[in-house]
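What follows is one structure encoded as structure tokens, with my remarks underneath.
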Amino acid sequence: DTAVSQTPKYLVTQMGNDKSIKCEQNLGHDTMYWYKQDSKKFLKIMFSYNNKELIINETVPNRFSPKSPDKAHLNLHINSLELGDSAVYFCASSQGDLMREQYFGPGTRLTVT
Amino acid sequence: AQSVTQLGSHVSVSEGALVLLRCNYSSSVPPYLFWYVQYPNQGLQLLLKYTTGATLVKGINGFEAEFKKSETSFHLTKPSAHMSDAAEYFCAVSDRGDYKLSFGAGTTVTVRA
């Protein structure tokens, strides 16, 4: 059973389009995250939800909007896509704070042309 | 905010040789410390973590790391490299009780036959 899953795995789209990435975890965790990994493999936290409440909201353009319909799901919607949004986006989950391990999904490679 | 420095963006070792990856953090209070591994086209997997207690931490795949408060370091070692160790390695840090992980820039490990 996949612990943290993301769809789609690859996403190729044109500038100006709106797209969504979905994430689901079946670990029973109460906290979920979105990370962005750029072309130089640098990882940066974007958002985090704990029990469906937004607890981390880094300096991210407001074109990015996370939504957590329940504790097991965290989706990322991106409006008006730009070339600079091309990256790999990782979802992760954990139980409680970071004393416990974060489990990462396989990533979604977004390419904006 | 925590910051993490990984010395050396690329490390090349011979199969069977020692692997040493360096990580230093900036904090006056001991944080939680992590090493993650990312295999090509995959998500991140936890190798080991330090939260409290013994400063020498053993992880998966024969890796271990030692927390040295006086040096603000958490270097990762493996006595004998295997071809399967070729991957990207990330050091990460979080404040105690926090949900935010700050990652280093990563170190690419290649293993020569």
Note on A:ILE78: of the conditions (1) open to solvent by less than 30 Å² (accessible area, probe 1.4 Å); (2) within 21 Å of B:ALA105 (Cα to Cα), unmet is (2)
Only one of these is at the interface with chain B (Cβ under 10 Å from one of its Cβ atoms), within 20 Å of B:ASN41 (Cα to Cα) and β-branched (Val, Ile, Thr): A:VAL4, A:VAL12. Name it. A:VAL4
Please go through segment A:102-113 and pick out each residue that is in contact with a Phe, Trp or Tyr (Cβ under 8 Å, 6 or more places away or on another chain) and either away from every other protein chain (no Cβ under 11 Å) or free of Cβ contacts under 8 Å to residues at least 24 places away in the same chain (or both). A:LEU110, A:THR111
Kindly evaluate B:PHE103 against the criterion of being modelled with pLDDT under 95, within 14 Å of chain A (Cβ to nearest Cβ) and open to solvent by less than 30 Å² (accessible area, probe 1.4 Å). yes
Subset of segment B:1-27 that is of a type in the set (A, V, I, L, M, F, W, C) and assigned to a loop (DSSP other than H, G, I, E, B) - its residue that is most open to solvent (accessible area, probe 1.4 Å): B:ALA1
Where A:LYS41 falls short, out of the listed (1) within 20 Å of B:GLN2 (Cα to Cα); (2) assigned to a strand (DSSP E or B); (3) more than 14 Å from the chain's Cα centre (by Cα): (2)
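The values are calculated or read from the model by the stated rules, or taken from the named source; none is laboratory data. The shown structure was predicted, so the numbers you read here are calculated from the model rather than taken from an experiment. Note that we place each Cβ from the backbone using ideal geometry, even for glycine, and neighbour counts take in every protein chain shown. SASA here: full protein model, heavy atoms, side chains in, ligands and nucleic acids out. Shrake-Rupley method; radii C 1.70, N 1.55, O 1.52, S 1.80 Å.
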